[in-house]
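Read through the structure below, which is laid out as structure tokens, and then see the notes.
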Number of protein chains: 2
Amino acid sequence: MTTTTEIQETVLNGVNVTRLGQTIEAIRQQPELANFKFRARNRWDLGIHTVATISDFYGTCQEMQHKAPFVLDSDEPPVLLGGDTGAGAAEYVLAALSACLTGTLAYHASARGLKIEDIQSNYEGDIDLRGFLDLDPRVRNGYREIRVKFKVKGDLDAATVSELLSKSPVFDTLANPVKIKIEVEKV
Amino acid sequence: MTTTTEIQETVLNGVNVTRLGQTIEAIRQQPELANFKFRARNRWDLGIHTVATISDFYGTCQEMQHKAPFVLDSDEPPVLLGGDTGAGAAEYVLAALSACLTGTLAYHASARGLKIEDIQSNYEGDIDLRGFLDLDPRVRNGYREIRVKFKVKGDLDAATVSELLSKSPVFDTLANPVKIKIEVEKV
């Protein structure tokens, strides 16, 4: 005798909402499934050119691998004495924020059954290099401010979009302090 | 009559130290040269797949372009309901930090005349997804902690490396709060 079990899965905006609901329920039952450790390694090339590689992470209580490693070159433009062979480090911050805000909107809108037609956003952040160059101790080294503009087409009104964007992990990472521990070994 | 002016430039670790010194001196004379505005734009593709593009920026009192636009795909692995077509947003944060710490070391070590032979570093950061998924209001949405390990070969001792790393703009951006303003328009 053969028993066929048909599982109806709902996919909205390319997000499998059925599996998202199952994931949330599984974490509610077993909170340690929610502990993720993301990783990167970096090797200096020459000048300001560096190469980051992202291949493995930990999540749902197990070690996991990406399908293939992601290799991210970073450099600076000639005005900052680089070879312009990759986006700058500060630009990678904006890319991270943009991916996270947009992805957060896609996850949470889908979970609420709201259809998205298009999401576009623009980012601009201010860095005064006098901080980095030790020319003025009153000037901070990093971003002073980041401005973001979203244009969203779909079932979401602007207030809902703003509410959902505020859940973004990278938004929180940038808006609030993160503890960073650095160990150095001379080899 | 032909006059030949020979300018002796010093390059160390691939960094043009002569031009770095000239840049610092120019900013000392005219501080507004130090105001940089970095930019990105992002377009949602489908699911959690987003595409960031970085092409222009403002610095040294003028609009500038990268040689070519940098296109950065971001996605999430299947366990996070994505297609794994690019590094995740939180992983891009680690890539940004790694590029900035390493680049900062290359700039400042070169300015001090210290030769670098090799720089390698590893990054690991903790995110508890219960924050993002609204399962526990006590859990923050972003990184709780990021751990970094540096291995440096060259003229720098570990204390100097630690001192120079602390100047990194992305380190400051993550370790201290950044003001982020988000505007939303429904189109």
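Name the single residue, out of those in the stretch B:136-186 being assigned to a loop (DSSP other than H, G, I, E, B), surrounded by 21 or more Cβ atoms within 10 Å (Cβ to Cβ) and not aliphatic (A, V, I, L, M), that is farthest from the other protein chains (Cβ to nearest Cβ).
B:SER168
With the condition being under 27 Å from A:GLY83 (Cβ atoms) and among the aliphatic types (A, V, I, L, M), I'd like the strands (runs of 3 or more DSSP E) fully within the stretch B:12-91 carrying at least 3 qualifying residues.
Fully inside the stretch B:12-91 and qualifying: B:49-59, B:62-74.
For A:SER98, indicate whether it is in a helix (DSSP H, G or I) and more than 7 Å from chain B (Cβ to nearest Cβ).
no
For every residue, the table says whether it meets (1) over 20 Å from A:PRO77 (Cβ atoms); (2) touching a Gly at 6+ places or on another chain (Cβ under 9 Å).
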| residue | (1), (2) |
| --- | --- |
| B:GLY14 | no, yes |
| B:LEU20 | no, no |
| B:ARG28 | yes, no |
| B:LEU46 | yes, yes |
| B:VAL71 | no, no |
| B:ASP84 | yes, no |
| B:ALA87 | yes, no |
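Results for (1) of a type outside the set (S, T, N, Q); (2) under 19 Å from A:PHE36 (Cβ atoms), shown as yes or no for each residue.
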{"position": "B:SER74", "(1), (2)": "no, yes"}
{"position": "B:LYS115", "(1), (2)": "yes, no"}
{"position": "B:ARG144", "(1), (2)": "yes, yes"}
{"position": "B:PHE150", "(1), (2)": "yes, no"}
{"position": "B:ALA159", "(1), (2)": "yes, no"}
{"position": "B:SER162", "(1), (2)": "no, no"}
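Looking only at residues that are surrounded by fewer than 24 Cβ atoms within 10 Å (Cβ to Cβ) and out of contact with any Ser or Thr (no Cβ under 9 Å at 6 or more places or on another chain) in the stretch B:37-53, which one is farthest from A:TYR107 (Cα to Cα)?
B:LYS37
What number of residues in the stretch B:62-109 are surrounded by fewer than 24 Cβ atoms within 10 Å (Cβ to Cβ), within 18 Å of the chain's Cα centre (by Cα) and polar (S, T, N, Q)?
Within the stretch B:62-109, residues that are surrounded by fewer than 24 Cβ atoms within 10 Å (Cβ to Cβ), within 18 Å of the chain's Cα centre (by Cα) and polar (S, T, N, Q) number 2.
Cβ-Cβ below 6 Å, separation at least six or inter-chain, first residue in the stretch B:113-139 and more than 18 Å from A:THR23 (Cα to Cα), second polar (S, T, N, Q) and in a strand (DSSP E or B): which pairs?
Listed pairs, sorted by first residue: B:SER121/A:ASN42.
For a quick check of your reading of the model, give me the residue pairs whose first member lies in the stretch B:13-39 and is more than 9 Å from every other protein chain (Cβ to nearest Cβ) and without any contact (Cβ under 8 Å) to a residue 24 or more places away in the chain, whose second is exposed (fewer than 15 other Cβ atoms within 10 Å of the Cβ) and of a type in the set (Phe, Trp, Tyr), with beta-carbon atoms closer than 6 Å and at least 6 apart or on different chains.
none
Any residue in the stretch A:134-145 that is under 22 Å from the mean Cα position of the chain (by Cα), within 24 Å of B:GLY131 (Cα to Cα) and not acidic (Asp, Glu)?
no
Here, each number is a calculation from the coordinates, and none is a lab measurement. Since we're looking at a predicted model, the values are computed, not measured. All Cβ positions, glycine included, derive from the backbone under ideal geometry; neighbour counts span all protein chains shown.
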